[in-house]
Amino acid sequence: MHAGLLEQAVQKIKNADRVIAFTGAGISVESGIPPFRGESGIWAQHDPGCLDLRTFNAHPEAAWKEIRVIFYDYFSAAKPNAAHYALADMEQMGYLQGVITQNIDYLHQQAGSQDVIEYHGSSHRLVCLSCGERKLVDDGDWDAFPPRCIKCDAILKPDFVFFGESIPARAHRRAMSETLRADVWLVVGTTGEVMPAASLPLEAKKNGKTVIEINIKPSNYTAGVTDIYLEGKATEVLQALVRSLK
Ligand code: APR
Ligand code: ZN
């Protein structure tokens, strides 16, 4: 990462009224959570069909077996890393007004970020598609697997967005409003391939906002959308940013 670019990013952030971080799977890689795409990604090992709403509804038991391995067995051991903490620090220092995350791992909140928009929902909650009941995940949910609704006994679904489902309306509204409000978008660890999430930084850019990107390699944003590209691991770059902001 070029020191001059880091300094440019620091100045943009210091001069902004409102800064929003937009995060993807890359920020959680250093917590031991694999990304989705790429050679060692989740989709190289598991069939994304288990996250297709129609497949889930048709074969919930089979889909849940796969989902449990991917999102509960190895996610539950993950802890926030220095990148999550750096964003929480930035918020505390008054240099960051919120996080929009595509991740469902709850690590931003665990690191202490206060204002987190979970654009794709959360693995920490379960929802009943029959009666609308929601609950937080607890150990009891695994006793009589798959977990069922206490009100109507239907099989519960993780309360994150499956393929074929729309984005939670409130999260989408709040995220869209930031494309007009926030002066700086700090885009961390996302390929920008999955719509509609991927369009948020594009909208911000169209509205004249500054896009600062952190990634270990160029993404869909880097060439045409990003204003300042800070190449490197999320932990290293965000820690350097926080040090320079102090
Ligand atoms: N630091 C910074 N960036 C990293 C790191 C790291 N340590 N490790 C990987 N990356 C980058 C990769 O280069 C890649 O650009 O993180 C990105 C991860 O990309 P994806 O796996 O495609 O994840 P994401 O963009 O969040 O996926 C979006 O797709 O299926 C879904 O709903 C799911 O929310 C997810 C959405
Ligand atoms: Zn129910």
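Details
- Residue count, region 225-246 (criterion: in a loop (DSSP other than H, G, I, E, B), modelled with pLDDT of 95 or more and open to solvent by 50 Å² or more (accessible area, probe 1.4 Å)): 2
- Complete set of residues in region 114-131 that are in contact with a Pro (Cβ under 7 Å, 6 or more places away or on another chain) and more than 16 Å from Ala169 (Cα to Cα): Ser123, Leu126
- In region 25-62, residue nearest to ligand 1 (Cβ to nearest atom) [restricted to those that are hydroxyl-bearing (Ser, Thr, Tyr) and open to solvent by 50 Å² or more (accessible area, probe 1.4 Å)]: Ser40
- Being touching a Leu at 6+ places or on another chain (Cβ under 7 Å) and buried (at least 18 other Cβ atoms within 10 Å of the Cβ) is not true of Ser123.
- Tally, over region 126-161, of residues that are among the aromatic types (Phe, Trp, Tyr) and at pLDDT 95 or above: 1
- If you go through region 191-224 and pick out every residue that is assigned to a loop (DSSP other than H, G, I, E, B) and not acidic (Asp, Glu), you end up with 19.
- Residue tally, condition acidic (Asp, Glu) and surrounded by 15 or more Cβ atoms within 10 Å (Cβ to Cβ), over region 191-224: 2
- Output for region 126-168, where each listed residue is within 16 Å of ligand 1 (Cβ to nearest atom), among the hydrophobic types (A, V, I, L, M, F, W, C) and open to solvent by 70 Å² or more (accessible area, probe 1.4 Å): Phe163
- Residue in region 176-184 that is open to solvent by less than 70 Å² (accessible area, probe 1.4 Å), touching a residue at least 24 places away in the same chain (Cβ under 8 Å) and part of a loop (DSSP other than H, G, I, E, B) present: yes
- Which numbered condition Gly26 misses (of (1) in a helix (DSSP H, G or I); (2) more than 14 Å from Ala234 (Cβ to Cβ)): (2)
The values are calculated or read from the model by the stated rules, or taken from the named source; none is laboratory data. Note that the structure is predicted; figures quoted are calculated from it, not measured. Glycine also receives a Cβ, built like all others from the backbone with ideal geometry; neighbour counts cover every protein chain displayed. Ligands, DNA and RNA are excluded from the accessible area calculation, which covers all protein heavy atoms including side chains. Shrake-Rupley method; radii C 1.70, N 1.55, O 1.52, S 1.80 Å.
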